[in-house]
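Student: First the structure, then my questions, so here it is.
Only the coordinates and a few stated rules stand behind these numbers; no lab work does. All values reported here derive from a predicted model rather than from experimental measurement. Positions of Cβ are backbone-derived with ideal geometry, glycine not excepted, and every protein chain shown enters the neighbour counts.
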Protein chains: 2
Amino acid sequence: MRVRSLAMAKAPIITPQGEDFPRWYQDVLNKAQLAENGPVRGTMVIRPYAYAIWERMVSEMDARIKAAGAQNAYFPLFIPENYLQREAEHVEGFSPELAVVTHGGGKELEEPVVVRPTSETVIGEYMSKWIQSYRDLPLLLNQWANVVRWELRPRLFLRTSEFLWQEGHCAHASQADAAAYADRILREVYEDFMVNELAIPVFTGRKIPEERFAGAINTLSCEAMMRDGKALQMGTSHELGQNFARAFDIGYQDENGERQLCWTTSWGTSTRMMGGLIMAHGDDRGLLVPPRIAAVQAVVILVKDDDAGAVGDSTRRIGAELAAAGVRVKVDDAASTPFGRRATDWELKGVPVRIEVGPRDLAENLVTVVRRDTGEKFPVALNELTVKVAGLLEEIQSSMLSEATARRDAATVTVNSIGEAVEAAATGFARIPFDLLADGGVDELGRSAVTVRCLQLEDGSTPVEDHAPGAIALVARSY
Amino acid sequence: MRVRSLAMAKAPIITPQGEDFPRWYQDVLNKAQLAENGPVRGTMVIRPYAYAIWERMVSEMDARIKAAGAQNAYFPLFIPENYLQREAEHVEGFSPELAVVTHGGGKELEEPVVVRPTSETVIGEYMSKWIQSYRDLPLLLNQWANVVRWELRPRLFLRTSEFLWQEGHCAHASQADAAAYADRILREVYEDFMVNELAIPVFTGRKIPEERFAGAINTLSCEAMMRDGKALQMGTSHELGQNFARAFDIGYQDENGERQLCWTTSWGTSTRMMGGLIMAHGDDRGLLVPPRIAAVQAVVILVKDDDAGAVGDSTRRIGAELAAAGVRVKVDDAASTPFGRRATDWELKGVPVRIEVGPRDLAENLVTVVRRDTGEKFPVALNELTVKVAGLLEEIQSSMLSEATARRDAATVTVNSIGEAVEAAATGFARIPFDLLADGGVDELGRSAVTVRCLQLEDGSTPVEDHAPGAIALVARSY
């Protein structure tokens, strides 16, 4: 264990966001012990503190997925190469990113298998077996799994060669049913989760054809603003039309005994949301985790023990009381490490509430409570602590959402020319009539690294066709 | 939808166990819609009904793992080939089973990567970075993941090329700490889970050297008896000595400032437990799921509706009441399918309690309750149903454990010769003094496909060395 001098402890811990945002992101990942690069290029190690947050994301998202009627299942990691080739756009889109297994059990395989980049094809094969009649529809499946897409410019959580995700795959009787379900997932599952659990406001809308999922006829997405003004696509929901139904013969007998092709949908969110969480809320002191998704909602820190060890005992008792009241709490009584360094560490880890227990306060039956989001610090009477902490966690949750919404809205402007859009995208989002991008405007934006994130109608609703009159394009630089 | 005649419904649904146990197993997998073969040899599709049971296993196991102090994390699927080669026994053991990725992103890779068969090596690499001081020990990690071991004779759930599992990986300061933790996991996590949740009694003990994990100095295991008298290894916990610590330089500075090597452990259980669940409890009517692990604990079946639909309404109301009382319940009001066929289906799926709602019973404020395990059928007054069902679920859980224990114990005999052991293993387990196997006895058993499952001492405790005086070998045919 290297001894850290006080001078080191006072040195800037992380690069300020305003100085170098990508370096700030890397610093937070390292210093808060969230993730590291894996040994194989583009892969990622998710460390326990970050994984515990991911587990909460999974649990909250999974509950919403089940409430939307989908059932979890598990399909194989390995997919025969020929499956991908059955849908032309799909194979074209994914071929450059595939990892291919050529040897198994010490022998060269007769047909190479790909490591799933997504599972429309293999799940399509089984849907085709399982669906016979209109009574079997809709078939609503979801799986939690790892997928692999070889990345040339990997970035932890945002773009990694292997990532963890959920992928929903459904078969419906009609195009209308498919469209309605794709939209339902976007709103009731994804948007609801992002807003109410992650405290991240999202714009929802329709992707332009160039930005669709490979094989989809319509891709809907949730787009969030990071603290550097760039957009992050947080989740997508696709109508696949009858493309995969045709390729995998997913059909049913309707009420009149006629054979019909299904309409399929797919939808996904991934560990990318961890990147979104970090960049949407984090500040120059580090990560900031919204209470509902925090694995540690409150930390009880022993400032300094007395000779009898009574302050340490109180610290642990306070922790136990909060835990019994349902708060996800951690006790830090490691008094051999200087208090200041421990406090800074918990701040860096973004724990929403810090409770400092020291001899002087305790003599007056008080503790000091610190809000991570605002930095406010105030004394709380011991007998009011549990109630106070519960209230504070709710307050921080809603305040984080308001703050993120205010930041986003302040950095989203309506413009009427491509030049203005590019200028606005230097610091945030621009809304521009899609008509203005008709003749090469999308390419022109692209030359300034600005892309159309999604299309909305004036009232924020989603256009149901590619060239809806009056559509507004939301444009931004993006991850 | 093909019409099924009554004659078909009466035909035997599954092969009786006594006639052909492997076919019975396949029939249960198919008819109860548990799993299917994947398109790539040896892979598996886990269907929603089985996956929901697996989710409950994960949740119960995960709680015990966390209670034992381990934290979840996630490490990459892909491991550089050279990592495996650093531990000689490990690479020798796993080489024949590896799947190798040679191409990524459209190019041949400079160094092929293997798809993890287990993660000691890659996790060892990170432990080496993360552990500096004795204060960082023990480091207790676990991950839920998929792994790949190429299988030449795959069998759904029991031996598949890809399977889902948890793998714990820990570093300790001393051999004694490592041994104690490996044993703690075996008992407090694995045995406790298997006995109390799965209602499967297990023998625990030490593997003989030939049966150890590749790279371990000691492997402990839980061995259960299936209904055909064969053994299934349900989980293992390994002391890895300093083998991986040496290979990956996992060390720490002790309290005197001296550099020491760690002692590591690893431990795992997998979707194989689903196979164990099916074969330990299932009978000629199909699957039988213990209430605590059942995704569906009770099914409320509408026998036949009346013209006004009142019986259907009651069926749904009873379901809602049970759900509100915390019972995991399913309502089956699909009256267009004959009642008998639906009842048989739920029996096949092993739902512990069936509640039949018909017009005649209902007129007297009664329903008919059927226990899946014993087949007992009795009327229950509506106003007593919730309490009755809750009690019945507990009773079935404990009765299933007693039954499984009685079956196992009746089929476990103590013998004093290899010949008797082979004879006993035709229908169950044999306990034989390990000394009797000293001179080629293990090989002799092997010629009759009988193996040493584990070693125990007379009192059932685990020997702490390979040749403990008085050790008893538990031998059996096995999966």
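Student: Under 18 Å between alpha carbons, and skipping anything fewer than 8 positions from A:LYS129 in its own chain: which lysines qualify?
Tutor: B:LYS31
Student: Moving on. What number comes out for the charge environment of B:PRO469, summing +1 per Lys or Arg and -1 per Asp or Glu over other residues with Cβ under 15 Å away?
Tutor: Residues close to B:PRO469 contribute a combined charge of -4.
Student: Tell me which residues come under 5 Å, amide H to amide H, from A:GLU151 once H is placed; ignore anything under 5 positions away on its chain.
Tutor: A:SER161
Student: Order of B:211-220, B:460-469, B:406-415 by packing, highest average Cβ count within 10 Å first?
Tutor: By packing density, highest mean first, the sequence is B:211-220, B:406-415, B:460-469.
Student: Take A:ARG56, A:ARG354, B:ARG360 and order them by how many other Cβ atoms sit within 10 Å, fewest up front.
Tutor: B:ARG360, A:ARG56, A:ARG354
Student: Kirkwood Rh, Cα Rg: Rg to Rh for region A:412-476?
Tutor: Reported Rg/Rh (Cα atoms, Kirkwood Rh): 0.93.
Student: Could you give each residue of region A:173-189 its phi-based ³J(HN,Hα) in whole Hz, using Karplus coefficients 6.51, -1.76, 1.60 with θ = phi - 60°, and x for Gly or Pro?
Tutor: My calculation for region A:173-189 gives 7, 9, 4, 5, 4, 4, 4, 5, 6, 4, 5, 4, 4, 4, 8, 6, 9 Hz in order.
Student: Considering Cα pairs under 8 angstrom that are at least six residues apart, work out the relative contact order of chain A and quote it in whole percent.
Tutor: 14
Student: On to the next question. From the Cα trace of the protein assembly as shown, what convex hull volume per residue do you get, rounded to a whole Å³?
Tutor: Taking only Cα atoms, the protein assembly as shown has a hull volume of 198 Å³ per residue.
Student: Also, I was wondering about something else. Under 25 Å Cα to Cα from A:LYS107, which lysines show up? Leave out anything in the same chain fewer than 8 places away.
Tutor: In chain and number order, the partners are B:LYS107.
Student: Now a separate question. Going by the alpha-carbon gyration tensor, a ≥ b ≥ c the square roots of its eigenvalues, is region B:100-181 rounded (a/c under 1.5) or, if a/c is not under 1.5, prolate (a/b greater than b/c) versus oblate?
Tutor: Because a/c hits 1.5 or more and a/b fails to exceed b/c, region B:100-181 counts as oblate.
Student: Same structure, new question: With everything on Cα atoms, drop me the angle between helix B:310-324 and the longest principal axis of chain B, reported from 0 to 90° to the nearest 10.
Tutor: 30
Student: Give the dimensionless ratio obtained when the Cα radius of gyration of chain B is divided by 2.2 N^0.38 Å.
Tutor: Scaled against compact globular proteins, the figure is 1.09.
Student: Please compute, for peptide B:74-84, the average count of beta-carbon atoms on other protein chains lying within 10 Å of each residue's beta-carbon.
Tutor: So the per-residue partner count for this stretch is 6.
Student: Using the Karplus equation 6.51 cos²θ - 1.76 cosθ + 1.60 (θ = phi - 60°), what ³J(HN,Hα) coupling, rounded to whole Hz, does each residue of region B:63-80 give in order, writing x for Gly and Pro?
Tutor: Karplus values, whole Hz, x for Gly and Pro: 4, 5, 5, 5, 5, 7, x, 7, 10, 7, 8, 9, 10, x, 5, 9, 10, x.
Student: Here's a follow-up. Given H placed 1.01 Å from N in the peptide plane, which residues other than close sequence neighbours of A:GLY251 have an amide H under 5 Å from its amide H?
Tutor: Residues meeting the criterion, in which the H sits 1.01 Å from N, are A:CYS262.
Student: Take the alpha carbon atoms of region A:106-167, find their center, do the same for region B:392-448, and report the distance between the two centers in whole angstrom.
Tutor: 42
Student: Using the Cα gyration tensor of region B:298-392, with a ≥ b ≥ c the square roots of its eigenvalues, what is the shape: rounded (a/c below 1.5), prolate (a/b larger than b/c) or oblate (neither)?
Tutor: rounded
Student: Using a simple spin-label model with points 7 Å from Cα along the Cα→Cβ vector, what separation in nm is obtained for A:ASP466 and A:GLN132?
Tutor: 3.9
Student: Mind pulling the per residue volume of the convex hull built on the Cα atoms of region A:21-281? Å³ is fine.
Tutor: About 133 Å³ per residue, rounded to a whole number.
Student: Nearest 10 degrees, 0 to 90: what angle lies between the long axis of helix A:339-348 and the longest principal axis of chain A (Cα atoms)?
Tutor: 20
Student: Same structure, new question: Among rounded, prolate and oblate, which fits region B:29-165 when a ≥ b ≥ c are the square roots of the eigenvalues of its C-alpha gyration tensor, a/c under 1.5 means rounded, and a/b larger than b/c means prolate?
Tutor: oblate
Student: Here is a further query. Roughly how tilted is helix B:272-281, in degrees to the nearest 10 and between 0 and 90, from the longest Cα axis of chain B?
Tutor: 50
Student: Compute the distribution of all C-alpha to C-alpha distances in region A:236-364, in bins of 5 Å from 0, and list the percent of pairs in each, rounded to whole numbers.
Tutor: Percent of Cα pairs in each bin: 2, 9, 13, 13, 11, 8, 6, 5, 5, 5, 5, 5, 4, 3, 3, 1, 0.
Student: Something else now. Taking B:GLU395 in one copy and the same position in all the others, each labelled 7 Å out along Cα→Cβ, what are the pairwise distances from the first, in nm, shortest first?
Tutor: Output for B:GLU395: 5.3 nm, nearest copy listed first.
Student: Convert each backbone phi in region B:329-337 into a coupling constant with the Karplus relation 6.51 cos²θ - 1.76 cosθ + 1.60 (shift: θ = phi - 60°), then list the ³J(HN,Hα) values in order as whole Hz, x for Gly and Pro.
Tutor: Once rounded to whole Hz, the list reads 10, 10, 9, 10, 10, 7, 5, 6, 9.
Student: Right, here's the next one. When ranked by the protection proxy of mean other Cβ atoms within 10 Å per residue, highest first, what sequence do the peptides B:77-85, B:165-173 form?
Tutor: Highest to lowest by the protection proxy: B:165-173, B:77-85.
Student: Taking the alpha-carbon distance from B:LYS377 and a cut-off under 20 Å, which lysines remain once sequence neighbours fewer than 8 residues away in the same chain are dropped?
Tutor: B:LYS304, B:LYS330, B:LYS349, B:LYS388
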